[in-house]
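Take a look at the structure below.
The values are calculated or read from the model by the stated rules, or taken from the named source; none is laboratory data. Computed from a predicted model, the values in this text were never measured in an experiment. All Cβ positions, even for glycine, are placed from backbone atoms using ideal geometry, and neighbour counts span all protein chains on display. Quick note on the areas: whole protein, heavy atoms, side chains included, nothing else; ligands and nucleic acids left out. Shrake-Rupley method; radii C 1.70, N 1.55, O 1.52, S 1.80 Å.
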Amino acid sequence: ASVTFSSSCTLSCTTGYALASGVSPVQWTCNYDAATSSVKLAGSDSKCEAKPCTANLPAGEALNHSCVGIKTDQSCTVECKAGYTGGNASIRTCLKDGSFSG
């Protein structure tokens, strides 16, 4: 979307992230900057935090994993518990839609 001179826009977090707790949406305004003789967007930075992954969390009594509490763009390891077979450990990544890869 375009922002015209003297108008404002609201910043939002990208998919997989949310405004930090207690932080309000931030407005930026398109103004003239005399120092640079140009127009620019001006406003304060917003604080976005990664959302936790909750969809398709690895489950089952035969699995060990480190995926609880993992957030967008973080990774965890999933492997079989001792005494179970099923292949090598795998790395799962928390995707922006709130699910794990793999």
Candidate aspartates and glutamates for bridging to K51, where Cα separation is under 18 Å - those fewer than 8 sequence places away on the same chain excluded:
D73, D97
Summed side-chain charge close to G86 - residues other than G86 whose Cβ falls under 14 Å, Lys, Arg +1, Asp, Glu -1
-1
The stretch 1-75 to the stretch 78-102: how many Å between their Cα centroids?
27 Å
Amide H of V26 versus every other amide H placed in the peptide plane: which residues, excluding those fewer than 5 positions away on the same chain, fall under 5 Å?
L11
Carbon and sulfur together cover what percent of the accessible area of the stretch 1-91 at a 1.4 Å probe radius?
52 percent
At most 16 other Cβ atoms within 10 Å plus a DSSP loop assignment makes a site exposed; report the longest stretch of the chain without any exposed trypsin sites (Lys or Arg not before Pro).
1-46
Specify which labelled value, from (1) 2.74; (2) 1.67; (3) 1.35, agrees with Cα Rg over 2.2 N^0.38 Å derived from the coordinates of the model shown.
(2)
Lys and Arg at +1, Asp and Glu at -1: add these up for the other residues within a Cβ distance under 14 Å of L63 and post the number.
0
Please identify the cysteines of the chain that lack any partner cysteine with a Cβ under 4.7 Å from their own Cβ.
C9, C30, C80
Neighbours of E49 by Cβ distance under 12 Å: Lys/Arg at +1, Asp/Glu at -1, summed charge +2
Ignoring ligands and nucleic acids, T36 exposes an accessible area, probe 1.4 Å, in Å² to the nearest 10, of 80 Å²
